[in-house]
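Inspection log for the structure reproduced underneath, given as structure tokens.
Here, each number is a calculation from the coordinates, and none is a lab measurement. Computed from a predicted model, the values in this text were never measured in an experiment. Note: ideal-geometry Cβ built from the backbone for every residue, glycine included; neighbour counts use all protein chains shown.
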Amino acid sequence: MKSTTCPLDCFDSCSVVLGEDGRLKGDKNHPITQGYLCHHLNNFHKIKRIEKPIYQGKEIELDEALEVLKNRIKVTEPSKIIYFKGSGNLGSMQSIPRMFFDKYGATLTKGGLCEEAGIFGIEEGRGAALPLSPNIVKNSEVVIIWGRNSSITNSHMLPALKGKKLIVIDPRVTDIAKKADLHVQIEPRCDLYLAMFLSRLAYMEQMEDAKFIEDRCENFDYFLDEINGITVVELMEKSGVDLSIIGQILSMIEGRKVSILVGIGVQKYTHGHSVLRAIDSFAALLGLFGKDGCGVGFIDDSSFGFGKPFSVKNKKRVPMPTADFGNFDVSFIQGGNPVTQMPCTPKVKEGLEKSKFVVYFGLHKNETSKMADLIIPAKTFLEKEDLKLSYGHEYIGFMPKLIDSSIGISEYDLCSYLMKEFKFGNIKSEKEYIDEFLSDNSAQKDGLLISKYLVNSPYSEKFYTEDEKFVFFDEYDDDFEEEGDFYLLAVKQNKSLNSQFYTDDFLRVPLGLGLKDGDEVILSSGDYDYSYEVRVDESLRDDCLALYSGGKKSNMLTPSLTSEEGDGAVYQELKVSIIK
Ligand SMILES: Nc1nc2c(c(=O)[nH]1)N[C@H]1C(S)=C(S)[C@@H](COP(=O)(O)OP(=O)(O)OC[C@H]3O[C@@H](n4cnc5c(=O)[nH]c(N)nc54)[C@H](O)[C@@H]3O)O[C@H]1N2
Ligand SMILES: Nc1nc2c(c(=O)[nH]1)N[C@H]1C(S)=C(S)[C@@H](COP(=O)(O)OP(=O)(O)OC[C@H]3O[C@@H](n4cnc5c(=O)[nH]c(N)nc54)[C@H](O)[C@@H]3O)O[C@H]1N2
Ligand code: SF4
Ligand SMILES: [Mo]
């Protein structure tokens, strides 16, 4: 049986079997995958890929393309080159070209387009963000799904939710919200106050785990000062959640084993790190860490504890969400589509137009490849050696090369070529790097390899802060000034993985607006105006519009900003108005 692991940016890291007919199937024996894959890999064989390199609009051979790339790099001052890597393939070996660009002295990026604000907050409190696996969640009694759309983005969690009391906190009526025992259709951007409100009332009801707080936490008194410093009326106003709902949530979770599954929805804001810290602090108050059936999961740090063979020394870095390609003579873009995925598409396009030489190294044509001077086709995950660590569970995914193909080049071979041409010495073999990643960080479970840090419940022995204690949060800043009439949500959909596969550009609008499918509206953010075709969506609150990630227009209006901490993108730090 030829088996491998799904390379896509997803919680589940499914174990995949390659059939004789070239189709992919889910591995029945894998504890998470349980025999099924999602729409993306079920249709992977149908997706058209880039087959030949293209230079200034003309197809060329791969060796010519590599020569063009080398010559261009040679004549460019190193810091005027930017290496920008997206998350089209999350295999560990995908970062190897960074090693070359680092050695050459190119500018790299810091932070990212996804979970970085939230992760910063988690690390402040817990020291490290360890994944919360379905294997732990299945032993919960209550699961709170907080700004995560599990049915779409994390479908292999669903079996673990069966029979549990479900609380969903989401401004949209998602499928999982329809199945929930309680759905809090929260106003966007209010989760920080909801977490504080819940903590305040839980403490009033003496629901705190005093022993856990005494033995394993720090800063609790300051946290109490913070949550007691706001009146209940103010918390109710700021969270938009009624006292009776707080009572309902607390009575559902009191004395129960509770898991909280947080998604990126709550942290697409400048204060995103504080939101995760506040949710974590609520969980710590209840003593939910380190026990079976309990915990808080996010888009966690899949590489925690593993070796880092490609770690870089270079200090020249720009924040990824606001990287201005116009400042660079060579923009090398690998496995990403910044034109549609970075905040503020108009600014990204302007930068790419100004950048003297744009290289796109990827699998599919997209809005970014359209702007590239040189396109280099990548190999698919079936055609190269790799390793996949999961941000949603403990299993290590091996990705051996399963098929030979004459199309494209792997990230390893591209790096190897450049290292040789620039006389930076030979690089190690792929196998040696993969062993370095694994280092001594694996343990056996059910005949599979897992991360050593996840043999027991995360944090059952310690937190990873300096003195191994959880640090409660005690301050936040939130100075968002509302202009405009609607929140503009940025969400995922089932047929695309960000901009890969099948995307759409429709603007979802609430029923209450009285618009019909097919109507055209012009949205304004104050800085930019853009027109959209409407699809009516009953799942939305009356104060929300939504765009799916991956569409050509999804970041037309998003401001070019980064989070206060973590250099994360903040897709929802705006309100828009319909001007026509
Ligand atoms: N099918 C599919 N799966 C994917 C992806 C994909 O594109 N398609 N992308 C992958 C990637 S890169 C990631 S990072 C993960 C993300 O996984 P999720 O976090 O599940 O994805 P999102 O759709 O961004 O956001 C989840 C929910 O947050 C809600 N939300 C928005 N704003 C707020 C808010 O202010 N408060 C609260 N409480 N909720 C809010 C949205 O309505 C949405 O339902 O999914 C991964 N899986
Ligand atoms: N409006 C809005 N914007 C968003 C989001 C949102 O929810 N809303 N989500 C954000 C999030 S969470 C994320 S993670 C980012 C993702 O944004 P990106 O990282 O830009 O991801 P994709 O759009 O999936 O583009 C991935 C590209 O990688 C290429 N690729 C696939 N496999 C390989 C490979 O093996 N090698 C190489 N070299 N290339 C490959 C594909 O051809 C594809 O074009 O988008 C962010 N942008
Ligand atoms: S995208 Fe996620 S759910 Fe779909 S096959 Fe890959 S790992 Fe599994
Ligand atoms: Mo992401």
Fill in: Using alpha-carbon coordinates, inclination of helix 116-126 to the longest axis of the chain, degrees
50
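Rounded to the nearest 500, what is the chain's calculated 222 nm mean residue ellipticity when only DSSP H runs of at least 4 contribute -39500 (n - 2.57) each, over all residues? Spell out each step's value before the answer.
On the way: 18 runs with 151 residues, N = 580.
It lands at -7000 deg cm²/dmol.
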Worksheet item: For GLU466 and ARG256 in the same chain, what is the full-extension length gain: residue separation times 0.36 nm, less their Cα-Cα distance, in nm?
Response: 72.6 nm
Practice prompt. Among LEU113, LEU243, rank each residue by its count of other Cβ atoms within 10 Å, from fewest to most, as a rough exposure measure.
Written response: LEU243, LEU113
Fill in: Along each principal axis, Cα extent of the chain, largest first, Å
70, 60, 47
Worksheet item: Counting only pairs 8 or more places apart or on different chains, how many lysine pairs in region 116-298 have C-alpha atoms closer than 18 Å?
Response: 20
Fill in: Rg and Dmax [Cα atoms of region 288-412; Å; Rg one decimal, Dmax integer]
18.2, 55
Item to complete: When a/c is below 1.5 the answer is rounded, else prolate if a/b is larger than b/c, else oblate, so apply that to region 486-578 with a ≥ b ≥ c taken from the square roots of the Cα gyration tensor eigenvalues.
Response: oblate
Response to the item:
Lys and Arg at +1, Asp and Glu at -1: neighbours of LYS384 with Cβ under 10 Å from its Cβ sum to -4
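Normalising by the residue count of region 1-118, find the relative contact order in percent from Cα pairs under 8 Å and 6+ residues apart.
17
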Item to complete: Please give the net charge around TYR55, taking every other residue with its beta carbon less than 9 angstrom from that of TYR55, where Lys and Arg add +1 and Asp and Glu add -1.
Response: -2
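With r as the distance between the Cβ atoms of SER405 and GLU77 and R0 = 25 Å, compute the FRET efficiency 1/(1 + (r/R0)^6) and round to 0.05.
Working: r = 36 Å, r/R0 = 1.44.
Given R0 = 25 Å and the Cβ-Cβ separation, E is 0.10.
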Worksheet item: So how far, in whole Å, is the C-alpha centre of region 428-453 from the one of region 133-186?
Response: 31
Worksheet item: Dipole of the chain, Cα-centred, from +1 at each Lys and Arg C-beta and -1 at each Asp and Glu C-beta, to the nearest 20 debye?
Response: 2360
Practice prompt. Could you tell me which of CYS190, VAL241, SER259 has its Cα farthest along the dipole of region 116-298 towards the positive end, charges placed at Cβ (Lys, Arg +1; Asp, Glu -1), taken about the Cα centre?
Written response: SER259
Discussion item. Once you place label points 7 Å from the Cα toward the Cβ at TYR530 and ASN43, how far apart are they in nm?
Written reply: 2.2
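Rounded to the nearest 20 debye, what is the charge dipole size of region 116-298 about its Cα centre when +1 sits on each Lys and Arg Cβ and -1 on each Asp and Glu Cβ?
Values: 19 positive and 24 negative charges, 190 e Å.
Using Cβ point charges on Lys, Arg, Asp and Glu, region 116-298 gives about 920 debye.
In whole percent, what relative contact order does region 486-578 give with Cα contacts below 8 Å and a gap of six or more residues? Write down the numbers at each step before the final one.
Numbers: 188 pairs, mean separation 36.8, N = 93.
With pairs under 8 Å counted, the relative contact order is 40 percent.
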Practice prompt. Quote the relative contact order of the chain in percent (integer), defining contacts as alpha-carbon pairs under 8 Å separated by 6+ residues.
Written response: 22
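Are there any trypsin sites (Lys or Arg not before Pro) in region 1-97 that are in a DSSP loop and have at most 10 other Cβ atoms within 10 Å? List them by number. Don't skip to the end; give the middle numbers.
Details: sites: LYS2, ARG23, LYS25, LYS28, LYS46, LYS48, ARG49, LYS58, LYS70, ARG72, LYS74, LYS80, LYS85; in loops: ARG23, LYS28, LYS48, ARG49.
Here the sparse-neighbourhood loop sites are LYS48.
Could you list HIS273, HIS40, HIS156 in order of exposure, starting from the residue whose Cβ has the fewest other Cβ atoms within 10 Å? Numbers along the way, then the final one.
Values: HIS273 27, HIS40 20, HIS156 24.
Going from least to most buried by this count: HIS40, HIS156, HIS273.
For MET371, MET236, what ranking results if the residue with the fewest other Cβ atoms within 10 Å of its Cβ goes first?
Numbers: MET371 20, MET236 17.
Least to most surrounded, the residues fall as MET236, MET371.
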Worksheet entry | Charge dipole (the chain, unit charges on Cβ, about Cα centre) - positive-most of VAL275, LEU545, ILE450 | ILE450
Practice prompt. With label points built 7 Å along Cα→Cβ from the Cα atoms of MET1 and ASP478, find their separation and express it in nm.
Written response: 4.8
Response to the item:
Summed over the other residues with a beta carbon less than 12 angstrom from that of LEU224, with K and R at +1 and D and E at -1, the charge totals -4
Fill in: Neighbour cut-off at most 16 other Cβ (10 Å), DSSP loop, trypsin sites (Lys or Arg not before Pro), region 148-227
LYS162
Discussion item. Could you check the spin-label model distance between GLU64 and ARG317? Points 7 Å from the Cα along Cα→Cβ, value in nm.
Written reply: 3.9
